[in-house]
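> What follows is a structure written as structure tokens; I'll ask about it next.
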Amino acid sequence: MNKKLGYIKKEDRKKVLLLCDDIRMHSGIATMAREFVIGSAHRFNWLNLGAAINHPEIGKQLDLSEDINKNVGIDDSSVTVIPNNGYGDPQMVRNLLKTHKPDAIFIFTDPRYWTWLFEIEREVRSKIPILWLNIWDDYPAPNYNEDYYDSVDTLMAISKQTLNINKLVLGNKADNKILRYVPHGINNEVFLPLPEEGEKANEFSKFKSELFKGKDFKFVVFFNSRNIHRKRPGDTILAFRHFCDLIGKEAAKECALVMHTAPSDPNGTDLRAVKEALTDPDYVNIYFSNEKLTPGQMNLLYNVADLTVLLSSNEGWGLSLTESMLAGTMIAANVTGGMQDQMRFQDDNGDWIDFDADFPSNHRGTYKEHGEWVRPIFPSNISLAGSPSTPYIFDDRCSPEDAAEAIKEVYDLGKEERSKRGQKGREWALTDEAKFTSKAMSNTVADTIQETIDKFKPRPAFEIHKAESIKPKYVNHKLLNY
């Protein structure tokens with residue numbers, strides 16, 4: 001017991017206050033936070049102010065240490081969740097700092113949720129550092145986020161694009177920050193290809209039969225994401241319908257689209273109505289799955305699929321693609337945001353592409369060579385969207401017709417070739433280059449927390465600045481021709 005690499009005794013560990021979704025929940029934020037909390041519980045003590053909407057357990061304080069011990073293989077973890085409605089407020093954080101005396105604050109999600117924390121950052125950072133696992137979906141580089149990025153000691157970026165954005169927006173201020181690339185990592189012992197024989201194979205066969213009500217399909221496309229506009233679930237249905245038309249009605253009868261999402265959502269659309277209006281049930285087979293599933297059951301779904309599709313017009317990462325890769329299933333996705341990382345586009349030297357001011361994104365198709373496990377779909381339209389709080393951001397939309405062609409190309413490969421390519425995707429995800437596993441993510445997070453605490457210098461109570469006119473700050477990267 002307690003022989004895990006890097007183990008530190010409970011009384012000697014630093015304590016981290018984690019502000020994000022309740023780590024017991026099933027959101028993408030909660031899932032990733034849970035993975036790195038479990039993966040670093042032998043090195044840090046964790047206190048999670050666990051957010052939810054109308055949290056049913058608000059007012060409680062829950063000790064998860066016993067369950068974590070069993071998972072990690074130690075006997076003295078310290079992981080506590082304090083359920084809360086929302087992510088907190090200044091007075092709540094002040095009380096937690098006074099009562100629990102953490103050595104660092106760790107935040108994880110969109111900056112709009114943390115404006116109240118950034119407003120008191122000098123008060124906090126006069127005592128302890130703030131780390132932020134952050135993400136930004138697209139360019140132009142959000143100069144309106146500069147004050148947010150400057151309000152923390154460490155920025156961990158979940159995509160190469162986000163890391164580049166952090167550097168571009170901060171400019172010289174980045175020299176005083178710790179910046180790290182920390183891609184999302186999945187438990188590769190849960191998400192994996194299933195054997196063709198044995199108990200797992202029997203479980204898989206039963207699951208598949210129940211899903212399709214006894215029908216047997218030769219080709220299955222899978223969508224696993226929220227029913228919200230930027231995920232383009234309606235376009236996914238339309239693309240599948242176009243694919244069915246491309247291969248002909250008789251061949252289409254042996255294909256199916258499975259959508260693991262809420263069929264109706266006010267932030268998205270009524271997918272059942274889309275299905276009814278745009279698809280002929282005589283040859284277009286669409287199944288909805290909206291029940292809560294365990295990670296193991298989700299792995300069954302990825303193994304049912306021949307291809308996982310994600311057409312998001314804005315996407316920070318695209319967790320379903322990573323899960324699919326580790327399950328050994330091919331992916332097809334729009335070339336935008338963090339989804340690019342999982343495609344492993346390579347430059348003229350054969351290296352995995354990286355981004356800078358001259359080449360901020362590959363959404364315009366600068367590089368075409370990519371991993372064998374993916375069929376990229378390049379946007380057919382890049383338009384500028386925005387809101388008062390986020391005045392400008394590209395919306396990268398691929399066309400349903402292009403997506404249909406991509407699905408057909410994967411379909412035409414045949415079962416054996418798809419399996420080979422899917423396996424190559426898993427193999428790459430496990431490498432030290434990709435580091436798309438929960439273990440790799442946890443180690444990077446833990447190392448970065450320790451580095452931040454070791455290098456932390458408390459901010460002075462105040463600074464004196466000379467009052468000067470503020471010059472407009474222009475986006476400092478190319479918008480075209482990269």
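> So which strands (runs of 3 or more DSSP E) are wholly in the range 10-124 and hold at least 2 residues that are β-branched (Val, Ile, Thr) and within 24 Å of Asn134 (Cα to Cα)?
Per the criteria, 79-85, 104-108.
> Additional query: Based on this model, can you work out whether Thr294 counts as of a type in the set (Val, Ile, Thr), buried (at least 20 other Cβ atoms within 10 Å of the Cβ) and under 20 Å from the mean Cα position of the chain (by Cα)?
no
> Please enumerate the residues belonging to the range 272-314 that are farther than 23 Å from Val190 by Cβ, part of a loop (DSSP other than H, G, I, E, B) and out of contact with any Cys (no Cβ under 7 Å at 6 or more places or on another chain).
Thr279, Asp280, Pro281, Asp282, Ser312, Ser313, Asn314
> Kindly check whether there is at least one residue in the range 287-301 that is on the phi > 0 side of the Ramachandran plot and touching a residue at least 24 places away in the same chain (Cβ under 8 Å). Explain how you work it out, then say what you get.
Of the residues in the range 287-301, the ones on the phi > 0 side of the Ramachandran plot are none.
No, because not a single residue in the range 287-301 is on the phi > 0 side of the Ramachandran plot and touching a residue at least 24 places away in the same chain (Cβ under 8 Å).
> So, one more: As an exercise: evaluate Tyr139 against (1) modelled with pLDDT under 95; (2) in contact with a Phe, Trp or Tyr (Cβ under 6 Å, 6 or more places away or on another chain); (3) not basic (Lys, Arg) and give the number of the one condition it does not meet.
Unmet for Tyr139, out of (1) modelled with pLDDT under 95; (2) in contact with a Phe, Trp or Tyr (Cβ under 6 Å, 6 or more places away or on another chain); (3) not basic (Lys, Arg): (1).
> Just to be sure I understand the filter: pairs with C-beta atoms under 6 Å, separated by 6 or more residues or on different chains, first member in the range 209-234 and within 19 Å of Met339 (Cβ to Cβ), second member part of a loop (DSSP other than H, G, I, E, B) and aliphatic (A, V, I, L, M). Which pairs pass?
Every condition considered, the pairs that remain are Phe222/Ala305; Asn227/Ala262; Arg232/Leu311.
> Restricting to the range 458-482, and then to whatever is surrounded by 10 or more Cβ atoms within 10 Å (Cβ to Cβ) and basic (Lys, Arg), can you tell me which residue is modelled with the lowest pLDDT?
Lys473
> Given Asp358, Asp351, Asp341, Asp395, which one is among the charged types (D, E, K, R), more than 30 Å from Pro111 (Cα to Cα) and assigned by TED's automatic domain parsing to the domain that holds Lys231?
Asp351
> Another one. All but one of (1) in a loop (DSSP other than H, G, I, E, B); (2) touching an Asp or Glu at 6+ places or on another chain (Cβ under 7 Å); (3) among the basic types (Lys, Arg) hold for Lys127, so report the exception by its number.
(2)
> Looking only at the range 386-439, which residues are surrounded by fewer than 18 Cβ atoms within 10 Å (Cβ to Cβ), part of a helix (DSSP H, G or I) and polar (S, T, N, Q)?
Ser419, Gln423
For every residue, the table says whether it meets (1) more than 13 Å from Thr308 (Cβ to Cβ); (2) surrounded by fewer than 20 Cβ atoms within 10 Å (Cβ to Cβ).
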{"residue": "Asn227", "(1), (2)": "yes, no"}
{"residue": "Gly234", "(1), (2)": "yes, no"}
{"residue": "Ile237", "(1), (2)": "yes, no"}
{"residue": "Ala251", "(1), (2)": "yes, yes"}
{"residue": "Met259", "(1), (2)": "no, no"}
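The values are calculated or read from the model by the stated rules, or taken from the named source; none is laboratory data. Since we're looking at a predicted model, the values are computed, not measured. Neighbour counts run over all protein chains shown; Cβ positions are idealised from the backbone, glycine included.
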